[in-house]
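Enquirer: Got a structure for you, written out below as C-alpha cells; questions coming shortly.
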Amino acid sequence: MDSIFMTMEEWGETVDLHYGIFCIIPILVILVIALWKKVTLPSLLAGVIVACFMVAKFNPLVTLGLFMDQLYTTACDADTMWVLLVCGLFGSLIALMTESGGVLGFTTWTRKILNSRKKTLIGTWILGIIVFVDDYLNCLAVGAAVRPLADDYKISREMLSYIINSTGVTICAIIPISSWGAFMSGLMEKSELTGGLSAFSAYCHAIPFMFYALVAVITVPLVSLGILPMFRNMRKAEDRAINTGEVLSAESKAALIENLDDEERLKDKPCRLINFVLPILVVVAMTIWLDDMVYALVIAILVCLVMYLPQRLMNLLEFVNTFMKGLTDMFGVLVMIIICYMLIDLNAMLGLNDFVTAICSAAVPVKILPMLIFIGLGLLSFGSATFWGLAAVAFPIVGSLSASMGINPFILSGAVVSAVAFGGHICMYSDTVILTSASTQATCSDYFRASFPIVMVFPFAIGALLFLIAGCIML
C-alpha cells in the first residue's frame with residue numbers, strides 16, 4: 001500500500017515511458033467527451049485520470065497516489081499560484097466595479113456609440129485591440145464591459161467569446177509592448193534569433209511573419225459582418241440569439257450561477273463611467289510599470305476602496321463582502337485552471353512534447369520548414385495547452401536550426417509565436433479560453449464547438465499557406 005503514496009518524482013525514477021503516438025490518448029478523451037456531452041470540467045478531469053493511469057503503467061493503486069501528488073504539486077507551484085491570484089483578484093475587481101455601478105455606467109455610455117448590432121460587434125473587436133497589454137486582462141475586462149450591450153442586440157455568447165478571445169491572445173502576440181512581446185522577445189534574444197538587433201527591434205521585425213495572429217485578428221470583423229461564413233455551430237448560436245433572444249445555450253444557462261438584471265438592481269445607485277474606467281486604467285498602467293499583474297490588481301482594488309467609499313456606493317463591510325463574492329464566483333475557474341495545469345504536466349510525462357518535437361525536427365526541405373514548425377508546434381500547443389512553456393522549449397531549437405541552416409530568424413520566430421498563439425486561441429482547456437468563457441458566461445465547450453471550424457478554415461489554414469509561400473520566396 002506504500003505505492004499509493006508514491007510521488008511523481010519517485011515513480012518517474014522507476015519507469016521508462018515510451019508511448020509514442022499513444023501519448024495523445026488523454027487529449028482525444030477530453031475532446032470526445034467535450035463534443036459528445038458538451039461539458040468542460042468533467043472532460044478535463046477524465047483526461048487527467050486517463051493520463052495518470054497511463055503514467056502509472058495502468059496500476060490503479062499507483063494512479064490514485066500519482067493523482068493526489070500531482071494535484072498537490074500543481075496547486076502549490078509558484079506559477080500556478082500567480083495565475084490563480086490574477087484570476088481571483090480580477091474576479092473581485094470585476095465584482096466591485098459591477099456593484100459600484102461602474103460597469104453599468106460604461107455600458108450606458110457605450111450605448112450612445114454602439115447603437116446597433118453591427119456597431120456592437122465591431123466595437124467589441126476594437127475594444128479587444130485597445131486592451132492589448134495582457135491577454136488575461138483583455139479576456140476578463142472586455143467580456144465584463146460589453147456583455148450587457150451584446151445582450152441588448154441579441155449577440156450570442158458564443159460569438160461574443162469568439163470575438164474577445166480572437167483579440168486576446170492574438171493581439172497581445174503582435175504588439176511588442178504587451179506581456180507576450182516582453183516574454184517572446186526575451187526568448188528570441190536568448191536563442192540568438194535577433195539577427196544582431198536588440199530584442200525589441202528583432203521582435204518588431206518578426207511581427208510581419210506572425211501570419212496566424214494577423215489573420216486571426218483580421219478575420220473577426222469579416223465573420224462578424226457575414227462576409228466570411230460562420231459554419232454550423234456558430235450559425236445556429238447566432239440564429240438562436242436573433243430569433244429567440246436566448247443569448248446563452250442550454251448548457252451555458254444550466255452552468256450559470258446567477259443572471260440578475262443590473263439595471264434593475266442598481267437603479268437607485270449613481271452609475272458613473274469613471275468607476276469602471278479608472279480602475280482598468282490603473283491595472284494597465286501598473287502592469288506596464290511594475291511588470292506584475294498581481295501587484296497591479298491589488299493597487300486597483302485599493303483605488304476602488306478609496307473611490308467607492310467616499311461616494312457612499314458601499315460601506316466597508318459591503319466592500320469586503322463584494323470582494324469575497326468576486327473570489328467565490330471565480331472558484332470554478334480556479335479549479336479548472338488547476339486541472340488544466342495538471343494535464344500539462346502529465347502530457348509532458350507521457351512524452352507528448354518530445355513526440356511532436358521529434359516530428360518537427362526530422363529532416364525536411366528548408367523552404368517548408370516555417371510551415372512545418374507552425375503546424376507541428378501549433379498542434380502541440382493545441383493538444384497540450386502549453387504556450388509560454390512550449391515557446392521556451394521551442395525557441396532554442398529553432399535558434400539552432402536558424403544558425404545551422406542559414407534561415408531567416410524572423411520567419412522562424414514568427415512561426416513559433418503564431419503556433420503558441422493558435423493553441424491559446426482555440427484549445428478548449430487553455431487558460432485564456434477558460435477566462436474568456438468566465439467573462440462571457442459561455443461554457444468552454446460552447447466556445448470550442450462554435451469557434452473551432454472558423455479558426456481552422458481561416459487563420460490556421462491561411463497562416464500555414466502564408467508560411468509556405470514565405471519559405472519558398474525568402475529561403
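Enquirer: Can S161 be described as farther than 25 Å from M371 by Cβ, hydroxyl-bearing (S, T, Y) and without any contact (Cβ under 8 Å) to a residue 12 or more places away in the chain?
Expert: Numbers: farther than 25 Å from M371 by Cβ: yes; hydroxyl-bearing (S, T, Y): yes; without any contact (Cβ under 8 Å) to a residue 12 or more places away in the chain: no.
Answer is no for this residue.
Enquirer: Where in the stretch 391-475 are there helices (runs of 4 or more DSSP H), lying wholly inside it, with at least 3 residues that are under 14 Å from A213 (Cα atoms)? Show your work before the answer.
Expert: Numbers: elements: 409-426, 431-440, 444-455, 461-474.
Correct list: 409-426, 461-474.
Enquirer: How many residues does the stretch 16-75 hold that are aliphatic (A, V, I, L, M), at pLDDT 85 or above, more than 27 Å from Y447 (Cβ to Cβ) and under 28 Å from the mean Cα position of the chain (by Cα)?
Expert: Final tally of qualifying residues: 4.
Enquirer: Please go through the stretch 105-144 and give me each residue that is aromatic (F, W, Y) and surrounded by fewer than 19 Cβ atoms within 10 Å (Cβ to Cβ), ordered by number.
Expert: Initial filter on the stretch 105-144 (aromatic (F, W, Y)): 106, 109, 125, 132, 136.
Within the stretch 105-144, just W109 meets the criteria.
Enquirer: Let me ask something additional. If the Cβ limit is 7 Å and pairs must be 6+ apart or interchain, which residue in the stretch 355-374 that is at pLDDT below 65 and surrounded by fewer than 16 Cβ atoms within 10 Å (Cβ to Cβ) pairs with which residue that is in a helix (DSSP H, G or I) and not β-branched (V, I, T)?
Expert: That search, which allows pairs on different chains as well, returns I359/G376.
Enquirer: Could you list, in sequence order, all residues of the stretch 120-156 that are in a helix (DSSP H, G or I), modelled with pLDDT of 85 or more and among the hydrophobic types (A, V, I, L, M, F, W, C)?
Expert: L121, I122, W125, I126, L127, I129, V146, L149, A150
Enquirer: Consider T170 against the criteria (1) within 13 Å of the chain's Cα centre (by Cα); (2) surrounded by fewer than 24 Cβ atoms within 10 Å (Cβ to Cβ): it satisfies all of them except one. Which criterion is unmet?
Expert: (2)
Enquirer: Return the residues of the stretch 54-66 that are in a helix (DSSP H, G or I) and either buried (at least 20 other Cβ atoms within 10 Å of the Cβ) or among the small types (G, A, S) (or both); say none if nothing qualifies. Spell out how you get there, then give the answer.
Expert: Going residue by residue through the stretch 54-66, those that are in a helix (DSSP H, G or I) are 54-55, 60-66.
Within the stretch 54-66, V55, V62, T63, G65, L66 meet the criteria.
Enquirer: Moving on. From the set of residues in the stretch 373-390 that are part of a helix (DSSP H, G or I) and among the β-branched types (V, I, T), which is nearest to L343 (Cα to Cα)?
Expert: Within the stretch 373-390, the match that is nearest to L343 (Cα to Cα) is I375.
Enquirer: Report the residue count in the stretch 318-353 for those that are at positive phi and touching an Asp or Glu at 6+ places or on another chain (Cβ under 9 Å).
Expert: Going residue by residue through the stretch 318-353, those that are at positive phi are 351.
Right, trim to touching an Asp or Glu at 6+ places or on another chain (Cβ under 9 Å) and you get none.
Residues meeting the conditions: 0.
Enquirer: Quick check on this structure: which one of S402, S384, S437 is surrounded by fewer than 24 Cβ atoms within 10 Å (Cβ to Cβ) and modelled with pLDDT under 95? Spell out how you get there, then give the answer.
Expert: Details: S384 fails: surrounded by fewer than 24 Cβ atoms within 10 Å (Cβ to Cβ); S437 fails: surrounded by fewer than 24 Cβ atoms within 10 Å (Cβ to Cβ).
Testing whether each residue is surrounded by fewer than 24 Cβ atoms within 10 Å (Cβ to Cβ) and modelled with pLDDT under 95 leaves just S402.
The values are calculated or read from the model by the stated rules, or taken from the named source; none is laboratory data. Small disclaimer: the values here were computed from a predicted structure and weren't measured. Cβ coordinates were reconstructed from backbone atoms using ideal geometry, including for glycine residues, and neighbour counts include every protein chain displayed.
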